[in-house]
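First comes the structure, then the notes that go with it.
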Amino acid sequence: MQNIIYFFAVLVLATGLFIMLTSDNYLRKIIGLGVFQSSVLLFYIALGKMSAGILPIDICAKLTECPYSFSSPLPHVLMLTAIVVGFSTMSVGLALIYQIYKEYNTILESDINKKEDTII
Amino acid sequence: MSLIKHINALQVLIPFFAALFCTLTFHKFTSWIIATIAIAFNLMIGIYAIFALQTPIIYFFGNWSAPIGIEYRLDYLNQPIIIYINGVLLFFLVFGKQLINKTITRYIDNKKHHIFYSLLLFAHAGYIGVLSTNDLFNLYVFIEISSLATYVLFSKGNNPKALIGAFDYLIMGTIGATLILISIGFFFSLTGSLNITDIFSILKNNFTSTEIVSNRLNILITAIVFFLVGVILKMAFFPLHFWMMRAYSSSAPFILTYIAAISSLIGVYMIMRFMYFTIEAELIYIPVSIILRYMAIIAIISCSYLALKSQDIKRIIIYSTSLQIGYVFLLLSIYPAKSLLFQLLIIDSINKIGLFTMLSHIENKTNEFHVNSMKQIQDSFLFKCLAALIILFSSSLPITSMFIIKIKIFDLLIQQKLILELIIVIISSIFGILYHLKFAKAIFFSKAENGIMKIDTNLLGLIFIVFIHIITLIYMNVITEIMGYISSTITS
């Protein structure tokens, strides 16, 4: 049962991918992108957790005689960076959507494709 | 000398800080000067580094040594590529100033011209970071830095469709980068390390023994599949190249001289570093090479057919870009072809720079790229001569450097007894000559009733590219020797 978290991570990943590839509205695509990226956060943080592990704080006098096991802090740190990257990607995407709206007056992919056909 | 100690970090940080200064100038010409000086300086220290490169130059950030801290590592695989991409950007900035003004920054708000140079330098810093880092998570961060800047660079052009192309690129690029991140997570779970050299030694110790833990092998294979799919999606290699068509065909061609020439080089570098350093060669190499070879065959057939069938000269060049990636995969799947692979990459990249520069001279005058309705070019004798030479060099007819490489590929395929591949490469070479013929017909023999245009932009860039072509042709044997030496040092 301890691996069920990875199953949920895959579920979130598939949901995000589905939203991104099937939706017509660009804003929904960006939302799908956010869901897709958060699955990675789930996956990494689950990697760092041990079943009996506690917070990685230096509470023992000697590390060799320590009775506790610790969760790894490294995946959390990495995910901090990944959150920032995801946030900035989303901002660039929203800025592009704003420009698309100014240019075409719509953010529906089907409408834009129709307009392109009439222009050509 | 103390500079040599910090060269690895300086090569990334100089464009990065130059980009920050460009943002602060609020002035077009000043930011151009800053960018040019920074890249010229970067090129100089790159060349200085390669002469000091007896053993790999290793640099630890904050003196935290390898498995814990972030390590930058320069060797004969990445330092020549770093010098080359610095050279390409310097060419782009120095010879392309007029074309940048006429075809790209004209469509940007007057007060924001300096942002263009800043984005260019951010993308460049990201590319150099991808090349020089030896840490997998750092690799992901630099991929994202370079692509965030590239999305915005793509979105500017005279066609509003460029925005749609850039948005598609954003979606696909982020999916690709996320898949790479998942693969890095699998490697981290297998080995507990993020350093490529460290992962290589751990995998070598754990997976070469006779009893292989099958569960772990499955994780390794999953990680490899995620990484390859991510890179192939990100760099628009053949089966997943559909977004590239939309993004490239609507953006300004002059920005493609920089991006198209470099992004495929970076993608191939990432796959190579991954294959020779992260994967234990004998275990995975054979299945991976079989998959790559079949992908290459399909890519070569379909891309050369599509290029021949296409009616738009911009699309012909873009299809020929993805056709070359088919050749790269074919050579990547054959073990003793590494030195040839580097020659192909460099020559092809110079070809693409020439073609896209020529295209942006035309784009400055017209938006019509259809084969039958191109405007006629008049009174520009020098441009016609240079364009003819560039198409000739790109078409791999005899007495060009591409022809020599094609002959070497034939020779290699015969030696390896790969008859099917040989036939396909011959067919695609014939197709290649035919679509270059179509291209030349559209440019030189268009009808006068479609309209007339006169190329009056500065042609120094094209002259320079033709000059480089002739130099590579004359010194082909020297290049072969250098590449052979480089690839022999990598394998040892």
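Tabulated results
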item: Within straight-line cross-link reach of residue B:234, aspartates and glutamates at Cα separation under 14 Å, skipping those fewer than 8 residues along the same chain; result: B:144, B:168
item: For region A:22-76, the fraction of alpha-carbon pairs in successive 10 Å shells from zero, as %; result: 21, 31, 20, 15, 9, 4
item: Heavy atoms of residue B:6 accessible to a 1.4 Å probe, total area in Å² rounded to 10; result: 90
item: Any cysteine of the protein assembly as shown lacking a neighbouring Cys Cβ under 4.7 Å - listed by number; result: B:22, B:303, B:385
item: In Å, descending, principal axis extents of the Cα set of chain B; result: 75, 58, 42
item: Straight-distance crosslink candidates among lysines, where the alpha carbon sits under 25 Å from residue B:102 and sequence neighbours closer than 8 are dropped; result: A:102, B:28, B:111, B:112, B:156, B:161, B:314, B:352, B:365, B:375, B:384, B:454
item: Using alpha carbons only: equivalent-ellipsoid semi-axes of the protein assembly as shown, gyration tensor based, whole Å; result: 40, 29, 25
item: Accessible-area value, residue B:13, 1.4 Å probe, nucleic acids and ligands omitted, Å²; result: 70
item: Loop sites in region A:76-109: chymotrypsin sites (Phe, Trp or Tyr not before Pro), DSSP, at most 16 other Cβ within 10 Å; result: none
item: HN-Hα J in Hz across region B:159-165 - Karplus 6.51, -1.76, 1.60, θ = phi - 60°, x for Gly and Pro; result: 10, x, 4, 4, 4, 5, x
item: Sparse-neighbour loop sites [trypsin sites (Lys or Arg not before Pro); region A:38-120; at most 12 other C-beta within 10 Å; DSSP]; result: A:62
item: R0 of 56 Å, Cβ-Cβ distance residue B:26-residue B:385: FRET efficiency to nearest 0.05; result: 0.85
item: Separation between Cα centres of region B:39-84 and region B:444-470, rounded to whole Å; result: 39
item: Additional length obtainable on full extension of the chain from residue B:489 to residue B:399, 0.36 nm per residue less Cα span; result: 29.4 nm
item: Theoretical FRET efficiency, 1/(1+(r/R0)^6), r = Cβ-Cβ of residue A:3 and residue A:102, R0 41 Å, to 0.05; result: 0.30
item: Expected-Rg normalisation [2.2 N^0.38 Å, Cα atoms] applied to region B:309-450; result: 1.14
item: Estimated vicinal HN-Hα couplings, Hz - region B:129-141 in sequence order (Karplus 6.51, -1.76, 1.60; Gly, Pro = x); result: x, 4, 6, 9, 7, 10, 10, 5, 5, 4, 4, 4, 4
item: Cβ-derived FRET efficiency at R0 60 Å, residue B:111 paired with residue B:289, nearest 0.05; result: 0.70
item: Amide H contacts of residue B:451 (H built 1.01 Å from N, under 5 Å, at least 5 apart or other chain); result: B:376
item: Table column - 3J(HN,Hα) (Hz), region B:257-265, Karplus curve with 6.51, -1.76, 1.60, x for Gly and Pro; result: 4, 7, 6, 5, 5, 9, 5, 5, 4
item: Under-5 Å amide H pairs with residue B:57, H placed in peptide plane, nonlocal only; result: B:74
item: Under-5 Å amide H pairs with residue A:70, H placed in peptide plane, nonlocal only; result: A:54
item: With all protein chains modelled, accessible area of residue A:10 [1.4 Å, Å²]; result: 90
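The values are calculated or read from the model by the stated rules, or taken from the named source; none is laboratory data. All values reported here derive from a predicted model rather than from experimental measurement. Methodologically, a virtual Cβ is constructed for each residue, glycine included, from the backbone with ideal geometry; neighbour enumeration extends over all protein chains shown. Note: areas computed on protein heavy atoms with side chains; ligands, DNA, RNA excluded. Shrake-Rupley method; radii C 1.70, N 1.55, O 1.52, S 1.80 Å.
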